[in-house]
Each structure stands twice: as C-alpha cells, then as structure tokens.
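The values are calculated or read from the model by the stated rules, or taken from the named source; none is laboratory data. All of these numbers come straight from a predicted model, not from anything done at the bench. Ideal geometry is used to build each Cβ from the backbone, glycine not excepted, and the neighbour counts take in all protein chains shown. Quick note on the areas: whole protein, heavy atoms, side chains included, nothing else; ligands and nucleic acids left out. Shrake-Rupley method; radii C 1.70, N 1.55, O 1.52, S 1.80 Å.
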Amino acid sequence: MSTLATTYSPKEIESKWYEYWMKHSMFHSEPDDREPYTIVIPPPNVTGVLHMGHMLNNTIQDVLVRRARMTGKNACWVPGTDHASIATEAKVVAKLVQEGIQKADLTREQFLEHAWEWTRKHGGIILEQLKRLGASCDWDRTNFTMNEEYSRSVIRVFVDLYHQDKIYRGVRMVNWDTKALTALSDEEVIYKEVNGKLYYLRYYISPLTPEGGRGAYAVVATTRPETILGDTAVCINPNDPKNKHLKGKKVIVPLVNREVPIIEDDYVDVEFGTGCLKVTPAHDVNDYLLGEKYSLEVIDIFNDNGTINEKGQLYVGQDRFDVRKQIEKDLAAAGLLEKVEPYTNKVGFSERTDVAIEPKLSMQWFVKMDELSKPALEAVMEDDVRLFPPKFKNTYRHWMENIKDWCISRQLWWGHRIPAWYLPQGGLVVAETVEDALMLAKEKTNNPKLTAEDLRQDEDCLDTWFSSWLWPISVFDPNVPGHPEVDPNRDLQYYYPTADLVTAPEILFFWVARMIIAGYEWAGGYPFRNVYLTGIVRDKLGRKMSKSLGNSPDPIELIEKYGADGVRVGMLLSSPAGNDLPFDEALCEQGRNFCNKIWNAFRLVKGWTVDENEKQPEHSAIAVEWLYALIQKTVTSVADDFEKYRLSEALMELYKLYWDEFSGWYLEIVKPQLGKAMDKTTYEATLKIFDIMLRLLHPFMPFITEELWQNLAKRADDESIMLAQQPVAREHDEHVISSFDFAKQTVTAVRSVRQEKNLSMKEPLRLLVKGDMNAAAKNLAVRLANVSEVAPLNVDDKATGASFMVGTTEFLIPLEGLVNVEEERKKLQTDLAYSQKFLKSVLVKLNNEKFVSSAPEAVVAVERKKQADAESKIKSIEEQLQKLG
RNA sequence: GGGAGCAUAGCUCAGCUGGUUUAGAGCAUCUGCCUUACAAGCAGAGGGUCCUUGGUUCGAAUCCAUGUGCUCCCACCA
C-alpha cells in the first residue's frame, strides 16, 4: 500500500521544483533553430507588491509560455520592472517625510540617492513573489526601465524624435498635481463626483455710480469662487435674451475690483446657471481657449503647490481650498454673494496622489502624435495586431483617431532626465550626452570656449510611459533606434515581434497603443501579434480590488493556504478574456480540491501491484479504448481553445476529463478488486494515460504535475515535464465514445433505481433488456452497478419492476414486491406525456410542407429520426403501463 | 453629452455562420452514503417565460427593431 498522505501538501513540493527548474536553467532561452515564442511581462512597478491583478495576469502568461515550450517552440518570457517615476517618487517622498525630511531640502542628487536606496531595498520583491506563483520567466533577462542600457535607449529615442521634429516645447494648459508638483497626462487624471456648491456671484456693471454706489449687475455661477482672483472676462451667449443688457458693458470682478469686459461666445450654455460665465484663462481649460480666442489677459494666481500667489492680490499664501471657504464669507459680507446651491460635479484627481488637479499653464515637452499613430491604428484595424476580445478594436480606433499630442515632461526627479541643455544666451540643444550637447552648443553659438558648466540641463523627467513604450524592443536591443555601426542584434531579430501580450484594458492607450507606435517607428513592425486583455479582479460585491479599499486578499497568503496550483486554477476557472473576474476564495478552494483529486488518483495507481500472468479483463480493455478516444478528442478541442485564447474553457475541459472521466469512470472500472493484482496491459495503459494527462495539465498546474510526473517513472536528473511535449491529437473513433456514453447512461439509470428504491449497492440486481445493448454497457453494468445478470426482456414477460430507457433501448429491473404500482404508473405516465408532447412538436414541423421543402435534408432527417424514436418510446411506455394493469 | 458592450439555472459563464438544444457546464443546493485513492470524497436528484414587446423566417437564446436594467470607454456645462 502506498505511504503517501491522503491530502496533497504543496509547500515543499513547490519550492523543491522551482529550485530544480532554476538549477537546470529550464526557463532560460537562447536563439536557436526553433520557432520563437516570446512574451514580455507588463513590467510591474519596481517597488510594488503583488496584487490579485498581477496574479491573474501572470498566471495567464505562464500558462501560455509553458504550453508554447511544450509544443516545440523556443519560449522566452522576459521579466522586469518599471521605474514608475511618479508612483515611486511619491513613495520615496512619503518615506522621507516620515523621517522628517522634505524633498525641497534635498538636492536632486541627494534625493536620487534616497530613491535608489529605496529601489534597492524594495525593488524586485514583486519578482520574487512571481516565483512563488511558478512563473517560468527567463530571469537571466530580467530588465529594468531605468538601468543603464535601457535608459540610453530612452534618451536615444527622445533625441531621434526631436530631430524628426516630432518633439516640441510649448506652453499649454496641463493637469497640475499640486502635491507631486508635476504635470500629468490626461490619462493620469481620474474624474470623481464631488458634492460641492454652486456660488452665484454679483459682478456689478462698470462704472459704478459717482458716489461709489452700485447699479445693475450680472450674476455669475461658479463652483470655484477662489478663481475670481484670476478672472479677466465674463462671457455670455450672444443669443441669450436674458443677458442682452450686458452686451458691450464692463463689469467689476468682486473683491479684487478689476474691470473686465463682457465677451460673447456660443460656447456659453444659456440654460446653465444664469447664462453668465466667468472667464479665468489661467485656470480652466475652456476659459483658456476663450482667452486665446479673445486675446484676454492671463492671470495665474496659483503657486505650484496650490496656494495663492501675489498676482491674486488677496489671500496670498493661503491654500486654494481654505480660500474657497474664506472667500464665501467675504463675498457674503460684501453683499456680492447672491446665493449658494448644493451642486454635484466631476472633479479631476491625480491618479497617484489623489489631490484635485489644478489646470495650469506651463511650459512642457510634447510628442506630436498624428503621424506616429497612423501605422499603429492601421495595424489593429487590419488585424496585424489582434486584440482579444476583439470588441476593444472599437475603443482603440476611437482613441487613435482622436489622439492628442502627448505631454511627456514631468516635474520629477526619479526618471529619465530630459536630454535638453539650455544655452547661456537662450536657445537649447538636444543630445544624447552632455559632451554631444556641448559640441552642438559650440557650433550653434560659434563659441568654442563654451564649457559644460555653461549649459543648464532641463530639470524635468520623462513620463514613465515614454520608457515603457520601448519595452518589447529595448529588452532585446538597448541600441534602438539602431545606429548603423551597431551589429544587427540577434536577440531582437529572433524574438521580435513577440507573440502575445497579456495586460489589462486600462492601459490599452497608456501602454499598448504606444508600444505599437514605437514598434513601427523603431523596430520595423508591430511589437506583438496578439493582445490578450484580462479583466479586472473584483470582490464579491463587484468592487475593484484595491489597496485603499482593503478588499484584496494577499496573494502570497492565498498561495500558502491553497497552494500555487490551486490558486492558479482558481484564477483561471472563471476568467474569459476581457471579462472581469469576480474573485471568490471558493475558486481557490476548488483549485486546491482538484489538486487533491489528482494526488489521490496517483496514490491509487501507485498502490497497484502487477501480475504479468493476469489477463486483461474485457471491461478494462473497453475503458482503455474509450479513454484514449476521449483524450484525443479533448486534445483537439483544448488546442482549439488555446487558438482562441479560451483558457478557462481549456482548463475546464481538462478538469472534467481528469475528475469525471479518468477518476470517476476509468479508474473505477480498471481498478483491481481488493487484494488482487492488476494485469500488465491495463497497468501500462494507465501509466501512459496518466502521463498524457499530467502533460496536458502542466501549463495550468506546474508544480503538482512535475511532482507526479517525476514519480510516475524513473527520470534522469535533468528531465522535467516542462520540457516534455504536449500530446498531439490522433484520429479517434467517435463511435467508441458514443457507445461508452450509452453504457454510462445505463449505469447511472441502474444506480438511480437503487437510490429510489433504497437498494444497497451490495445487493445484486438482474437487468432485462429489450433492444440494443452494447458490450460496453453490459460490462459496465456488471462492474459498476452490481448487475448480476443481463437477460432479454420478452414482450409477454410478466415481471414487474423498475423500468427505464436509454435511447430507444428498454430496460427493466425485476423487483417483485418492491414496486409500488401506483408510483410506477405515475412515473410512466409523466414520461409518456413528455414523449407525446415532444412527438407533437416534431410532427408540427414535419407536417409543415414549407419546412420539409426548404430545410436542408439533414435537418429533416434528424426530425424524422426524432419522430421514430419518440414513437418507439411511446409504444414501449404504453406496453409497460399495460403490464402494470 | 458621444461611443461601445452586456442581459441564459441561486452564482460564474458556454451556446461559433439561425436547424440533432421544450437550452449546457462548473460551483452552490437537496437526498443517500465514513463503499478497501480521495468526506478537499462517492452516488443520485432538483433547478431556466434564454430581460420586455414586436418583426424577419418553414424554423429564433441565436438575426433586426423598440423598451428596460447594468457595465465600460471618451468628453468634462462653469
């Protein structure tokens, strides 16, 4: 008997095999003659920790990579991390604050030292966590968006774009983060509903009466009364009768007493508020546009940290939200506040620091997107890059067709510093290094005496995505864009384009679209063939799992509790591409249970003893033939599922194959009776089947399959299931499967009779048959339903008992004295009614001449078969009823 | 405001170009079992006006339209 424990304990097994794989460099890939299969990981934030989204994402990638590796491809999964400039900088700043250090008190170099220290301390934790999951990344290729080589490629790309005139500097209204003190791209702003107030303010018409008294006034509605300090106009709709009296007038801005013009523009909504709009060009995007159109003065009243500056005249140095409260009181006191209404509007917040965004005019660097985006749009529209699920094509197109220039400068220190140097007498040069910059500067200024100290490098860093859009290229060749003198890079040639990208739809534009753009621009084509977009992991209440809500389980704890394989199965069981994953620990439990099932089947098989002289029983031969056929069928359909990225379905098919078919039916049939030995033929077939099934399951459940595969047969020291091949489907006889299905149904029916009549499994039953009953059914009935004898059922047979039908074959289990005639009759009558109704519906079709003439012949034939079967069924039920008397 | 998508069993989802579907799976539920691999298990069972209403068709869960409800993306009326 086996000494294996009755439950599978994953812990030691997982670390044992992961170390084994690492020791033998089994994840490592080098270019060779095989077809490459490449995935680049969506690089997580370098100082991040693993969350459920990563779990899902990386499980999927690992399944794809492991399967590719087992189908003869040279699989390479490149891991790495992203420096995540603003996110990391925010963390470092917060940590310094805790230590009583302000960022402003540090020099750039000092701050970067702290940041690197932080990175060294926390960096890569997430990659270690991925190992627990079983991720088969090529760790030798681990990359980082801010390591030296990678950084060089980022700078090179900037310079290249600059020389192509695709990068420019300009004053623009940007989203200003008053906490991080940086501009944000539109994508980094999250709009939230905020319960605020709508303030109605009085703007008196100028001039005031000679005595300083007040006459008529305009009422302006605003949610941000503090911005009146920067008002430079009031705007009305030219077609608004309500405000006709204001045309051509000037009004006095409350409190600051600035005289500003009334301007007219269709932009103003007559219906909203009073139809009067205050215009603050420096602090509102739309106002800015109005300001440009009507050449209004621009008064920027805010400091970078959101406090009022001298230009605001009042409240100087106070925070914008404090001012809002104060100004309400002051306006009221001055009789300039008409009324205040509660009002809900949407306000932009910084994705990273969660402070309200302040629209702000500032000098920033931009990438011109119109030309760059064209090939990338086409790539997806023409399916050169395929999105899964394809519904994202629409979203993608919409975005790419309305793409705006990309603000790439960030007022941060942690990141790639913009390679632009300002000249002492104005102007700038852009170059890869300060040396190159100096050369250019000398040329440009005609001043050979210029030194590096005379040049001042731009203070800003590049947007994180300006480095990660190069990820699929730079991890293979940091010399891109290619310098002619550099040898063509073998890795890039071999691994690029990558096969699949697995990522979240949230970063379709941030990252995916931009990688496609970069691919066409610098690597001669698309960066990946397929994009698998995962869903969002949600909790039971449908909320997105997030740190702030505290509703996300710790993945490592889950692994401890259910095992990595169990969690992987749990993640994949209900996660079709693009669908959200409503996560429930019960799914991991199901995964763990499956591991246990696999484990116990192995225990059973391992416990068998083999007797060479034993002949293979017929039922075993039948079971082997059937399961082989079923496996072939499943292999084909699993391959099809993978083609379509239907991973959950592939897994579910294998789950059922292993649990129901293999464990539930096959093993129950072939297992020898207590104390008996097993015949060699069946034993070897079973080992072979076990081997096939482990290989099929390995991409999903790497650890337990390796453990059992290693124990299934003698293996060499450098062998691994992960290097074995996936089973290839062979032809199978569908008839074998359908015969066996008939047998299963027969067994189930007999068992059902036992249950209903409360008959113990130990009590043998006779089974009378009228019609076809194949050998499989006979064998299985005997083997699995304790049927002692199968005999023909004669029409005049007076036997009473429980009857049932499988297909058109009629069965009777004689049960003298045990049958309640009334109950039996009722049951038969229900069956009869059902069949009659069914027959009727079939006949309606067949009696419809149009159906018979227009439907394809095969469809009509099917209906005729239904009719014949139903008729025969009805006939036999009626006979049964007669017999009951 | 603009766009996209979804609605099938208690839950999560299959159901592909309309026809062997008076609709399938897993989980959950109920009943009976500690049967010598596994109670993290075994055996059996129940459960659905395929969101509404129309239309196209010989035939609709499937195609079209309308309504309802939900989700996401984009825009950001102060």
Taking the range A:488-506, which residues are in a loop (DSSP other than H, G, I, E, B) and more than 25 Å from A:Leu387 (Cβ to Cβ)? A:Pro488, A:Asn489
Being among the aromatic types (Phe, Trp, Tyr) and in contact with a strand residue (DSSP E or B) (Cβ under 9 Å, 6 or more places away or on another chain) is the requirement here; does A:Tyr628 meet it? no
In the range A:277-289, which residues are modelled with pLDDT of 90 or more, more than 7 Å from RNA strand B (Cβ to nearest atom) and not in a loop (DSSP other than H, G, I, E, B)? A:Val279
Could you grab me the full set of residues in the range A:820-847 that are of a type in the set (Val, Ile, Thr), free of Cβ contacts under 8 Å to residues at least 60 places away in the same chain and within 21 Å of A:Lys757 (Cα to Cα)? A:Thr830
Looking only at the range A:50-104, and only at residues there that are assigned to a helix (DSSP H, G or I) and of a type in the set (Asp, Glu), the one that is modelled with the lowest pLDDT: A:Glu89
Enumerated strands (runs of 3 or more DSSP E) restricted to the range A:290-404, each holding at least 3 residues that are farther than 24 Å from A:Ala87 by Cβ and either over 36 Å from the mean Cα position of the chain (by Cα) or within 15 Å of RNA strand B (Cβ to nearest atom) (or both): A:337-350
Tell me whether the range A:252-267 contains one or more residues that are modelled with pLDDT under 90, near RNA strand B (Cβ under 8 Å from one of its atoms), over 23 Å from A:Val174 (Cβ atoms) and assigned to a loop (DSSP other than H, G, I, E, B). no
Can you name every residue in the range A:254-287 that is under 42 Å from the mean Cα position of the chain (by Cα), among the hydroxyl-bearing types (Ser, Thr, Tyr) and surrounded by fewer than 21 Cβ atoms within 10 Å (Cβ to Cβ)? A:Tyr267
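Before we move on, is A:Trp709 touching a helix residue (DSSP H, G or I) at 6+ places or on another chain (Cβ under 6 Å), of a type in the set (Phe, Trp, Tyr) and more than 13 Å from RNA strand B (Cβ to nearest atom)?
Considered against the rule, which asks whether it is touching a helix residue (DSSP H, G or I) at 6+ places or on another chain (Cβ under 6 Å), of a type in the set (Phe, Trp, Tyr) and more than 13 Å from RNA strand B (Cβ to nearest atom), A:Trp709 comes out as yes.
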Return the pair list, or none, for Cβ contacts closer than 6 Å from residues in the range A:576-589 that are under 19 Å from A:Asn551 (Cα atoms) and open to solvent by less than 20 Å² (accessible area, probe 1.4 Å) to residues that are in a loop (DSSP other than H, G, I, E, B) and near RNA strand B (Cβ under 8 Å from one of its atoms), at least 6 apart or on different chains. A:Leu581/A:Gly535; A:Leu581/A:Ser575
Run down A:Trp522, A:Trp511 and say which single residue is open to solvent by 20 Å² or more (accessible area, probe 1.4 Å), in contact (Cβ under 8 Å) with a residue 60 or more places away in the chain and under 30 Å from A:Tyr396 (Cβ atoms). A:Trp522
Looking at the range A:555-575, is at least one residue more than 25 Å from A:Leu127 (Cβ to Cβ) and of a type outside the set (Lys, Arg)? yes
Counted residues, the range A:1-33 - those being touching a strand residue (DSSP E or B) at 6+ places or on another chain (Cβ under 9 Å) and either surrounded by 13 or more Cβ atoms within 10 Å (Cβ to Cβ) or at pLDDT below 95 (or both): 4
Pairs where the first residue, in the range A:858-885, is of a type in the set (Asp, Glu) and the second is near RNA strand B (Cβ under 10 Å from one of its atoms) and outside any helix (DSSP H, G or I), C-beta under 9 Å, 6+ apart: A:Glu863/A:Ala855
Residues A:Val154, A:Val251: which one is buried (at least 16 other Cβ atoms within 10 Å of the Cβ) and touching a His at 6+ places or on another chain (Cβ under 6 Å)? A:Val154
Within the range A:102-159, the residues that are hydroxyl-bearing (Ser, Thr, Tyr) and under 18 Å from A:Val78 (Cα atoms) are A:Ser136, A:Thr142, A:Thr145, A:Tyr150, A:Ser151, A:Ser153
